[in-house]
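To start, the structure itself, in structure tokens.
The values are calculated or read from the model by the stated rules, or taken from the named source; none is laboratory data. None of these values were measured; they are calculated from a predicted model. Here Cβ is always computed from backbone atoms with ideal geometry, including for glycine, and neighbour counts include all displayed protein chains.
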Amino acid sequence: MRELQHRAQGPGLESPPVDAASLYPEPDGFLGRRAKAARAKLLAGLEDVLAKALAPGETVRYVARACRFFLAEYWFGGAAAYYHNTTALVLTDRRLLLVQIDRRGRPGDLKNQVSLTAVRGAGRTLLSGWSIRLADGSKLSFTALRGADRKRLEALLPRGDGPRSAQRSLEHLCPACLRVVPGPVGAAAACPEPTCRIPFRDPEKAARLSTWVPGLGDLYLRHHLFGTLEFLGSMVMLGAGLALALDAVADPEPSSGIAAAAMLALLVVVPRVIDRSITRHMARKGLVPLALAPAPGAQARNLPSFPRWSPLLFAAGLALTGGMLALVAQDVGHDSAVREASRLAGQGRFDDALARWDALKAAGGADETRRMRFALALLEAGDLTGADEVRGELEGTPVDRQLVQRFEAAFEREEAALTDYAEGLQALVQGDDAAAWPRLDRALEYLRDVKRPHLPATRAEVHAHLATELLAEPLAGGDLAAAPRWLDGAAGAPAAELAVVKAAYHSARDEADAARAALAGADVRALPLDFQLLALEARARLATTDSARAEVRAAAQALPRDGLSGHAAARVEALTGPGE
């Protein structure tokens, strides 16, 4: 035992007075010697503190290592909270000292005490593992306490229920002189002892700092590990929040703004509210010095509010925030380009929308989500041609599930309408009106909103389109005889379309005057290509001079050739003649 006492003594220091029988109760076996050696090492690390704290004649009866337990702190802090709350429990014949220690057993800033007269017993608890009941009705909760230490402390601590006290049972000690500082943390700005007078750190200032930037308050309280992790994490979330804000500013949709505001609150506001509360709680656990050395009769020289290496930490935090912004800035720009292209499509400016999309593809921003989003915008705006072109680029990479469901629903509506249209036309041509029109009416309900390609939107237009196919060159026997059925049904179609099919019919019947009258005043330039081609064929039949035939050839040569079917290309070739 004398060997253990000698090992616990530091150079130039006297070992604190101990009750050896109480401090080292284990037998002298292998495990007992290890337990005694560990306890002696813990006690040796506290010699400086105990030399100042112990009153004359006060004897150490037991020491143990534990971890103070605070549910919210552990919930949000995890391992860092365990590191910060590691505590040496020093039981004397007068009080229980609580000294914050690091993993090597070196004393930290926080030092508190409880008089044994304020202890009302100790025992195991469900969440923390072990707690001490105090006279003011509060509890000191601990975890990571060895079972043997727990049993020994329970045996040595007072038991029984005494009168409840209005005075605070847990008293805070000055970190320098180890004297009691009355009141809660923050009530005194400096140690009241005339021989000490070191200033303390303000818990409200720590809370305010954490409100501005989580982690700053912990750095101010000298919780360097905890504060560093919080600060870097908060800067990452700040960067993500600012990126979302930029994305919301670029997106005119109110729903996007609401979602971005919610995420901004989650990433920026909520962490600050939580960290303010946690930091205030941590600051009130004990007194943290603003200066380390006592300065009798004068103000001690203050320590820096933040560690000397904090500028590097702040620079790293700003770099993280900037990195997050840079990481998402390109994506935000690409998303903005897709929204712009979709807006142009919604305005019916399909060529401009596709040009904007092509520019985005050239910039490397056309991923699967954006392709599907733009294709859906084209579908909903009525550009089936453009939607098919963009849809053909999809490679099946998984994207947003809700977007996929919207796209598939729009695609199914398009397919159903086009299927009804094709089957309805076939039935109508075969003379089965009863089977044709229910299908066609369903299709027309969808096709009314289609802008490209040009498709019928009414029953009259259906007849006009069928007439263009029937009257197209080369005419077959019986085409002219069948044409009146479609011409009669085309009444009510757009005037220019109706004029073209009538001109084609009359010109094919050599009724030149009626054909010219039909074409007179009709602006065919805005019509679909099949109507323009049919109008040129009618003009070719009516042309009686070389100049008139030359005009027809020139107009035919000016027709766009992209997307023409083989039959339509042959018709254009016939109109241009050998002069092309």
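Number of residues in region 374-408 that are surrounded by 12 or more Cβ atoms within 10 Å (Cβ to Cβ) and not in a loop (DSSP other than H, G, I, E, B): the value is 22. Residue count for region 515-535 satisfying the condition of being surrounded by fewer than 22 Cβ atoms within 10 Å (Cβ to Cβ), more than 59 Å from the chain's Cα centre (by Cα) and not basic (K, R): 4. Test V450 against the stated conditions and say whether it is modelled with pLDDT under 90, within 49 Å of the chain's Cα centre (by Cα), closer than 23 Å to L529 by Cα and outside the structural domain of S565 (by TED's automatic domain parsing). For V450, the condition - modelled with pLDDT under 90, within 49 Å of the chain's Cα centre (by Cα), closer than 23 Å to L529 by Cα and outside the structural domain of S565 (by TED's automatic domain parsing) - is met. For D510, the stated conditions hold: it is under 15 Å from L471 (Cα atoms) and assigned to a loop (DSSP other than H, G, I, E, B).
For every residue, the table says whether it meets (1) under 23 Å from R222 (Cβ atoms); (2) over 41 Å from the mean Cα position of the chain (by Cα).
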residue	(1), (2)
R124	no, yes
D149	no, yes
L157	no, yes
L170	yes, yes
E193	yes, yes
P203	yes, no
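Evaluate the following for A540: is it assigned by TED's automatic domain parsing to the domain that holds L475 and more than 12 Å from L575 (Cα to Cα)? So A540 does not fit the description; no. A search for C-beta distances below 9 Å between a residue of region 445-457 that is within 9 Å of A417 (Cβ to Cβ) and any residue that is in a loop (DSSP other than H, G, I, E, B) and hydrophobic (A, V, I, L, M, F, W, C), counting only pairs 6+ apart in sequence or on different chains, returns L447/L455; L447/A457; V450/A457. Inside region 109-151, residues that are in contact with a helix residue (DSSP H, G or I) (Cβ under 8 Å, 6 or more places away or on another chain), among the basic types (K, R) and modelled with pLDDT of 90 or more make up a count of 1.
Does K151 count as free of Cβ contacts under 8 Å to residues at least 24 places away in the same chain, within 21 Å of L71 (Cα to Cα) and either among the hydrophobic types (A, V, I, L, M, F, W, C) or assigned by TED's automatic domain parsing to the domain that holds A118 (or both)? Against the criterion (free of Cβ contacts under 8 Å to residues at least 24 places away in the same chain, within 21 Å of L71 (Cα to Cα) and either among the hydrophobic types (A, V, I, L, M, F, W, C) or assigned by TED's automatic domain parsing to the domain that holds A118 (or both)), K151 does not qualify. Residues in region 422-458 that are part of a helix (DSSP H, G or I) and of a type in the set (D, E, K, R) were compared, and the one that is surrounded by the most Cβ atoms within 10 Å (Cβ to Cβ) is R439.
Per-residue answers, yes or no, for (1) of a type in the set (G, A, S); (2) modelled with pLDDT under 85; (3) touching a Lys or Arg at 6+ places or on another chain (Cβ under 6 Å):
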{"position": "A503", "(1), (2), (3)": "yes, no, no"}
{"position": "H506", "(1), (2), (3)": "no, no, no"}
{"position": "A512", "(1), (2), (3)": "yes, no, no"}
{"position": "L527", "(1), (2), (3)": "no, no, no"}
{"position": "R539", "(1), (2), (3)": "no, no, no"}
{"position": "V552", "(1), (2), (3)": "no, no, yes"}
{"position": "S565", "(1), (2), (3)": "yes, yes, no"}
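Counting just the residues of region 27-43 that are over 52 Å from the mean Cα position of the chain (by Cα) and of a type in the set (K, R), which one comes out nearest to R146 (Cα to Cα)? Residue satisfying both the conditions and the ranking: K36.
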